[in-house]
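A short worksheet on the structure shown next.
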Amino acid sequence: MPLLENPNVLIVIALTLVLLGFLVFIIKRYKRCPSNRILVIYGKVRQGQSARCLHGGGAFVIPLFQDFAYLSLDPIQIEIPLKGALSIENIRVNVPSVFTVAVGTDGVAMQNAAIRLLGLETKEIMKQAEDIIFGQLRQVIASMGIEDINRDRDKFLEAVQKSLEPELEKIGLVLINVNITDITDESGYIEAIGRKAASEAIQQAEIDVAEQQKRGAIGVADAEKERAVEVANANKFREIGTTQANREQAVRVAELEKEKVVGQETAALEREAQIKQAEQSMRIAVADANASAVTGENLAKAKVAEVNATLRIKEADAYQAGETRHREAEAAVREAQYQADARAAEALSAKIEHEKRAELEAVAKASKAKQIVDAEAEAERRRIEAEGEAQAIFARLEAEAKGQYEILAKKAEGLKQIVEGCGGSQEAFQLLMLEHLNTLSENAAKAISNIKFDKVVVWDGGNGNGNGKGSATAGFLNGLAGSLPPMLSMMKDVGGVEMPEFFGKLVGVEDEDKKELAPVSSSAEAADKGEPPKDESRKKNKPRPDEQSGR
C-alpha cells in the first residue's frame, strides 16, 4: 500500500502500461502474408500506386494512414456450358468446358486484382471471368473450322489459352487449366465425321485381316513345300544309307539321336518354365511394392491435410483475437477523438455564429451569379437549337433538290434514248403524242361534257347552196363529210397515226366529176329500160318532217 500511494511509482506504472499497450499495438499492426493469400495494403502508399501487394513475407501497416485486406489464391472452377457458337463454316457448335482460374502472383496481375477484385465474393469473380471466357471462346471457335476443333484438340486449347490469358490478366486472373468436356454440333456434322472415321477404320481392319490371312496362307504353302522337299531328300538319303549300312547300326543310331533330341527338348521346356515362374514372382513383388507405396503416400497426404487444417484453425483463432483487440483499441481512440472534437466545437460555436452572416451573403451572391449563368446557358441552348433546326431544314431542302435533279436527269436521259431509238426528234414527238393521245381525248371530252344540246335546228330555204347542186342541209352534211379526211390526214402528219380507209380519204377533181355524172347515167339507164325518170329535184327539194317542224 505505501508503494501504491507514492505518486512516482504510480507514474512509472502508468508509463509502463502505456508503453506496453503501444508496443502491443505496433506488433498488431505488423501483418504477415500466408502462402495462399495476397496481402493488399491500401491508403497512403508509394506514389503512382493505388495499393501495395505482397505474396509471402510481411509488412507494417501504418495506423490511420493505411489499412489492409487479403486476396485468396484458391483456384476457381468455372463451368462454361457454351451452346450454339458459330464456327468458320457457320455451323453451330456446342463446346461445354470447365476452366480453372486463380488470382495471379506477378506484379501486374496482383495490382490488377487489387484494383478490380478486392472485396468481391467468389461468385462475383466467377461472373466476371465467365463473361470474358464466353466472349473469347466464341471468338476462337469462329476463327477455326469444325474439323480442326474436333481433330486437333491441342491446337484448339492453345488458341483458347492464347486468346484468353491477356483478357484475364486485365482483371488480375491467370488461367490454370482448360478441360473440354465434349464437342457436339446441332447439324450432326461431328457425329457424321465419327461414323466416317469408324467406317474407314473398320474397312482398314478388314483389309489388314485379309492381308494377314493371305500372308499366312502363302507361308503355310511355302512351309509345306519346303517340308515336302526336305522329306523327299531325307527319304532319299535314308534309303541310300540303309542300303550302305546294316539295319541294326542304323536302328541304334536312330534311337540314340531320338533320345538326345528328347532330352534337349525336355531341358528347354524346364528352363522356359523356370523363367516364366521367376517373371511371375517378380510381377507379384512389384505389384505389392506399388500398393504399399500408394498406401503410404495416401496416409502421408492425410496427415498433411490434418496438420494444415489444425494450422488454419489456430490462425483463424489468432486472427479473431487480434481483430477483437484491434477493434477495442480503435474504439478507445475514437472516444478520445470525439471528446476533443466536442471541446473544439464549443470553442468554435462563437466563431460559427459570426461567420454565418457572411456565409448567407455569399450564398445570395452565388445564387445571383447562378441565375445569370443559367440565363446565358438557356440563351446559348436556344441559339444552338435554332442553328440545328436551320441546318436540318437546309439539309432536307438540299436532299429534295438533289432528288428532283436526279429525277429530271434520269428523265432527260430516257428522252434522249427514246429520240435516239426513234431515229429523230419528229418520230420521238409522234411517239410521245401517241402515249398522251388518251389523255388529250379525255380532256377534250371533259371540256364539252357539260354543254347540253336540246335540239339541232337546220334552216333550209330550198334554194340549194347557191351553186344549183342541192339544198343547204345536203351542203352541210357534204361539208362535214368532206372535212373528215383532212382531219385524219392531219392526225397522220402530226401524230403519226394512220386511220383505216373506211373513215374517208381525200380525192381529186376527177372523183368529183364522177360523182356529178353518176346520177345522169342512172337516169339514162332508166329511160332505156322504159322506166319514167325520177324527179330528183322534187325529192331533193322536198322538206323533211324535222325541217318542217323547224320552220
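Numbers below:
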read-out	value
Label-point gap, in nm, between Ala345 and Arg383 - each point 7 angstrom along Cα→Cβ	5.0 nm
Hypothetical label at Val18: residues of segment 319-354 whose amide nitrogen lies under 14 Å (7 Å Cα-Cβ projection)	none
Dimensionless Rg/Rh of segment 246-345 - Kirkwood Rh, Rg from C-alpha atoms	1.89
Hypothetical label at Thr295: residues of segment 241-284 whose amide nitrogen lies under 17 Å (7 Å Cα-Cβ projection)	284
Net charge contributed by nearby residues that have their C-beta within less than 13 Å of Ala392 (K/R +1, D/E -1)	-4
Inter-probe distance in nm under a simple model that places probes 7 Å from Cα toward Cβ, at Leu157 and Thr310	3.9 nm
Inverse mean reciprocal Cα-Cα distance (Kirkwood Rh) of segment 2-68, Å	14.4 Å
Whether segment 394-444 is rounded, prolate or oblate, judged on the alpha carbon gyration tensor where a/c under 1.5 counts as rounded	oblate
Filter on Lys28/Lys314; Lys83/Lys127; Lys236/Lys260; Lys225/Lys258; Lys31/Lys301 - keep pairs with C-alpha separation over 20 Å	Lys236/Lys260; Lys225/Lys258; Lys31/Lys301
Per-residue HN-Hα couplings for segment 351-365 [Karplus 6.51, -1.76, 1.60; θ = phi - 60°; Hz; x = Gly/Pro]	5, 5, 4, 5, 7, 5, 4, 4, 5, 5, 5, 5, 5, 4, 4
Largest-first ellipsoid semi-axes for segment 74-187, taking √(5λ) over the Cα gyration tensor eigenvalues, angstrom	28, 13, 11
Nitroxide proxy distance, nm - points 7 Å out along Cα→Cβ at Val209 and Ser367	10.2 nm
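Every number here is computed from the coordinates shown, using simple stated rules; none is lab data. What you see is a predicted model; the values in this text were computed from it and never measured. When we count neighbours, we look across all protein chains shown, and the Cβ atoms used for this are built from the backbone with ideal geometry, even at glycine.
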